[in-house]
Amino acid sequence: MEKEMISKLNKNFEECAYEQDGIDYWLARELQGLLGYAEWRNFSNAIDKAKESCKTSGEVVSNHFVDINKTIPMPKGAEKIIDDIMLTRYACYLIAQNGDPKKEQIAFAQSYFAIQTRKQELLEERIQLMERLQAREKLAATETELSKNIYERGVDNKGFATIRSKGDWALFGGYNTSDMKRKLGISESRPLADFLPTITITAKQLATEITNFNVKKNDLKGETKIIDENVKNNKDVRTLLGKSGIKPEQLPPEEDIKKLERRVKTADKEIAKKKLK
């Protein structure tokens, strides 16, 4: 397919997209022309096949194919109401996959929507990653601050590790840091927080922040007093989570945050390099 035509088709698809509540969608009557179908009857067949594919994939068809009516102008000022369909990006992709492969527009659309859908998946994945990363960075900063504060109050690195492990014991309902690593299949050499979901990382950060605050406010000194303070705060946070039916020790581990970060960066580069053919 010539580059000039690719550029034109790409522009046409982008200009025909609408947006509602942050979601891109296309109208079937307009997509019909973009995909090179002269008759609605033939295009409807591709839509029906796409709906079947959508259902087979386990998706709710009505989430991607929304029936609507619209008014079109007729001669002498008359109007006519016709059926139309709001289509998500995924629906357009399925229609292209079930379209006439001999049409150049279909060949282009198959690549176009596959790539655009992948970009959307990466965007959602990146948002989730950033939430975890930000929570993880806040926890690391708070723990570093606590480590400095308690060092000034007679607690060494070994003592800090004990304080943190006892805190985990309180947060995870009797499982200390090493116990949780074994429970989740995490190497002892890796940080537990790198494999925890965002909600648990945030819970640990909150409990540690409260401990940090009270250590300074009440000038707590010695390992025992600081352990008691940290255990209390982690128990309080656990109770708060429990009110929403959340038990941190029962939540499955997330993908290694370092591995996920590398994978998203690699996928971004692949999408950026990929050319429509």
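For this structure, a couple of remarks:
- When F213 is tested against (1) closer than 21 Å to I257 by Cβ; (2) free of Cβ contacts under 8 Å to residues at least 12 places away in the same chain, exactly one condition is not met: (1).
- Count - residues of segment 197-218 that are of a type outside the set (S, T, Y) and either touching a Pro at 6+ places or on another chain (Cβ under 7 Å) or not assigned by TED's automatic domain parsing to the domain that holds V155 (or both): 1
- Of the strands (runs of 3 or more DSSP E) lying entirely inside segment 15-91, those containing at least 3 residues that are at pLDDT below 85 span 65-73, 79-88.
- Unmet requirement for T224, which otherwise passes all of (1) part of a helix (DSSP H, G or I); (2) of a type outside the set (D, E); (3) surrounded by 14 or more Cβ atoms within 10 Å (Cβ to Cβ): (3)
- Test for E255: is it at pLDDT below 90, surrounded by fewer than 18 Cβ atoms within 10 Å (Cβ to Cβ) and outside any helix (DSSP H, G or I): yes
- When N176, N230, N234 are checked against the criterion of being under 24 Å from T144 (Cβ atoms) and out of contact with any Gly (no Cβ under 7 Å at 6 or more places or on another chain), a single residue qualifies: N176.
The values are calculated or read from the model by the stated rules, or taken from the named source; none is laboratory data. Keep in mind that this is a model prediction, so the values were computed, not measured. Glycine also receives a Cβ, built like all others from the backbone with ideal geometry; neighbour counts cover every protein chain displayed.
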